[in-house]
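Undergrad: One structure, as structure tokens, below. Some questions next.
The values are calculated or read from the model by the stated rules, or taken from the named source; none is laboratory data. Fair warning: this is a prediction, and the values are worked out from it, not measured in the lab. Please note: Cβ atoms are built from the backbone with ideal geometry, for glycine as well, and neighbour counts cover all protein chains shown. The area values use the complete protein model at the heavy-atom level, side chains included, leaving out ligands, DNA and RNA. Shrake-Rupley method; radii C 1.70, N 1.55, O 1.52, S 1.80 Å.
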Amino acid sequence: MKVLFLNGPNLNLLGQREPEIYGSMTLSDIEDMVCQHAEKHKVEVVFYQSNHEGELVTQIHQAIGNYDYIILNAAAYTHTSIAIKDAITGVGINAIEIHLTNVHARESYRRKSIIGQACVGNISGFGASSYILGLEAAILHDKANS
Ligand code: CA2
């Protein structure tokens, strides 16, 4: 199984700013942790981060035929991007929405997810572990549906 982890705007700042909200691990630390976990499950993972909506849309398009799942922390685009939602729907690849923070316990504008409508499910609020839980969800979803 091949899984693409997509990360949206500002997540390149992880571990360097606002650790009280987003934790002290960098995105590269999270990637290493996820890769170790993926190896145990014989899953191939690729990480990608962009601050640009169109880049994320292009990555989703390029996932066709290359990935079985997309695990997506779209960051602020979660709440605004019809383009990313349409891309996920368009490619027909199972996608899982993840967040470091509990978006339901924060500002009201974070409670609405546009991309969630195109995803099989979502995980929110477990810090860096949300990435591991996202991977576990993909593995279990794949087993249940193949
Ligand atoms: O909790 C999450 O993972 C979010 O996707 C993070 C987004 C936020 O807009 C979503 O509502 C929830 C923000 C990512 C910003 O990342 C930063 C990391 C370090 C310092 C500043 C921003």
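Undergrad: Tell me, please, whether a residue that is acidic (Asp, Glu), within 12 Å of the ligand (Cβ to nearest atom) and either under 14 Å from the mean Cα position of the chain (by Cα) or at pLDDT below 95 (or both) can be found in segment 96-116. Steps first, answer last, please.
TA: The first filter runs over segment 96-116 and keeps only residues acidic (Asp, Glu), leaving 97, 107.
Pick out the ones that are also within 12 Å of the ligand (Cβ to nearest atom) and you get 97, 107.
If we keep only those that are either under 14 Å from the mean Cα position of the chain (by Cα) or at pLDDT below 95 (or both) as well, we get 97.
Among the residues of segment 96-116, at least one is acidic (Asp, Glu), within 12 Å of the ligand (Cβ to nearest atom) and either under 14 Å from the mean Cα position of the chain (by Cα) or at pLDDT below 95 (or both), which makes the answer yes.
Undergrad: Out of the residues in segment 117-146 that are in a strand (DSSP E or B), open to solvent by less than 70 Å² (accessible area, probe 1.4 Å) and within 12 Å of the ligand (Cβ to nearest atom), which is nearest to Tyr67 (Cα to Cα)? Write out each step before concluding.
TA: Of the residues in segment 117-146, the ones in a strand (DSSP E or B) are 121-124.
Still in the list and also open to solvent by less than 70 Å² (accessible area, probe 1.4 Å): 121, 123-124.
Those left that are additionally within 12 Å of the ligand (Cβ to nearest atom): 123-124.
On the way: Ile123: 20, Ser124: 23 Å.
Result: Ile123.
Undergrad: Run Glu39 past the list (1) more than 15 Å from Tyr131 (Cα to Cα); (2) away from the ligand (no atom under 12 Å from the Cβ); (3) among the acidic types (Asp, Glu) and report the number of the one that doesn't hold.
TA: With respect to (1) more than 15 Å from Tyr131 (Cα to Cα); (2) away from the ligand (no atom under 12 Å from the Cβ); (3) among the acidic types (Asp, Glu), Glu39 is out only on (1).
Undergrad: Any chance you could count how many residues in segment 54-74 are more than 21 Å from Asp142 (Cα to Cα), among the small types (Gly, Ala, Ser) and without any contact (Cβ under 8 Å) to a residue 40 or more places away in the chain? Don't jump to the end; show me each part of the working.
TA: At the first step, the residues of segment 54-74 found to be more than 21 Å from Asp142 (Cα to Cα) are 54-59, 74.
From what's left, among the small types (Gly, Ala, Ser): 54, 74.
Subsequent filtering for residues that are without any contact (Cβ under 8 Å) to a residue 40 or more places away in the chain retains 54.
Of the residues in that region, 1 qualify.
Undergrad: Can you list the helices (runs of 4 or more DSSP H) lying wholly within segment 1-106 that have 1 or more residues being in contact with a strand residue (DSSP E or B) (Cβ under 8 Å, 6 or more places away or on another chain)? Walk me through how you get there before you give the answer.
TA: Values: elements: 19-22, 27-40, 53-62, 82-91.
Passing ranges, in order: 27-40, 53-62, 82-91.
Quick grid of which residues meet (1) open to solvent by 30 Å² or more (accessible area, probe 1.4 Å); (2) near the ligand (Cβ under 10 Å from one of its atoms); (3) farther than 21 Å from Asn122 by Cβ:
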residue: Leu4; (1), (2), (3): no, no, no
residue: Leu27; (1), (2), (3): no, yes, no
residue: Val34; (1), (2), (3): no, no, no
residue: Glu44; (1), (2), (3): yes, no, yes
residue: Ile71; (1), (2), (3): no, no, no
residue: Ala76; (1), (2), (3): yes, yes, no
residue: Ile82; (1), (2), (3): yes, no, no
residue: Ile88; (1), (2), (3): no, no, no
